[in-house]
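Asker: Okay, handing you the structure first.
Readers should treat all values here as calculations from the given coordinates under stated rules, not as data from a laboratory. Model, not experiment: these values are computed from the prediction. Methodologically, a virtual Cβ is constructed for each residue, glycine included, from the backbone with ideal geometry; neighbour enumeration extends over all protein chains shown.
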Amino acid sequence: MKKTFLIAIMLLLGVCTTKAQLMNWEIGILGGVSNYVGDINSLFRGGLDDSKEWNQFESSFNMYNAHFLGGVLVRYNFNPRWTLKGTASFSKLSGDDAHFNNKRNLSFHSAIQELALTAEFNFMDYRTGTRQHRFTPYIFGGLAVFHFNPKADIIDPITQEQVTVSLHDLNTEGQGLIKDRKNYSRVQISIPFGVGVKFSLSSYTCIGLEWGFRKTFTDYIDDISTTYIDRNELLSYAGEQAVTAADRTNELSGHAGEYHTHGEMRGNKSTKDWYNFLAITFTTKLSSGKTKCLTPYKK
């Protein structure tokens, strides 16, 4: 009987502890837009790239080609100031020289999937469900891993029909052909950081707005980074689709038969690509904390 009683007490304490822990957890969804920042930009003119003086971060504010963003998130609130957040999101990035009248005439589009872990610092005491301090701005930073696969719509040189090709597989800048120019990995890491605001709607729910920038360590989100290579060498190495995708200047009106020579600038390898997310978040607590074993957090 005593053993049964002790076991019951232990189980009760376990349930109470679980509820206490659940009070700190929130799960939810996010939705918004994404934007790409890279070698397709307004400073590339006629094969001359002035982006060495170009601030990638400042260009993140130009949401000229935004796409839908969706995902799920989970938060653990250590205290009213510090939060750990995990997110899984999906979106699309794209860029097109036609938007800037760039003679290069390159373009790309890519689905992007990201897993991120970030720490949030609230500028004011905040917990979802409190009556005081229901609002706070915050900053965040952390680490993310993302997958991308740049593609382009080109005119197939054999069928003369429009096809979508994976640029990574075509080695458009001679990856694997030119010494010290290896093909890039489509799984990369980034450093997410940014700002946001939160507002407690009720005892359970929170709504927020967040703008996050992603500093990456790759220059190939758009499949553009270095120089053009000899067309005949690329043809022998990767085929006709690779040659077509690598240099599309000839598709422009008045430029038929015009191609770049080996070594001409195709992109600027001194700057890495960025992307950013602007999202609305909606979360709910896993427990209200209404239990005889635990007093809810109140201000």
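Asker: Restricting attention to region 202-240, which chymotrypsin sites (Phe, Trp or Tyr not before Pro) occupy a DSSP loop and are surrounded by at most 13 other Cβ atoms within 10 Å?
Answerer: Those satisfying the criteria are PHE217.
Asker: With the contact rule set at Cα under 8 Å and sequence spacing of 6 or more, what percent relative contact order holds for region 116-268?
Answerer: Details: 286 pairs, mean separation 36.0, N = 153.
The value is 24 percent.
Asker: Let me ask another. May I ask which of LYS85/LYS215; LYS92/LYS272; LYS182/LYS272; LYS151/LYS272; LYS85/LYS151 have a Cα-Cα span longer than 27 Å here? Write down the numbers at each step before the final one.
Answerer: On the way: LYS85/LYS215 18 Å; LYS92/LYS272 18 Å; LYS182/LYS272 16 Å; LYS151/LYS272 19 Å; LYS85/LYS151 31 Å.
Beyond 27 Å between Cα atoms: LYS85/LYS151.
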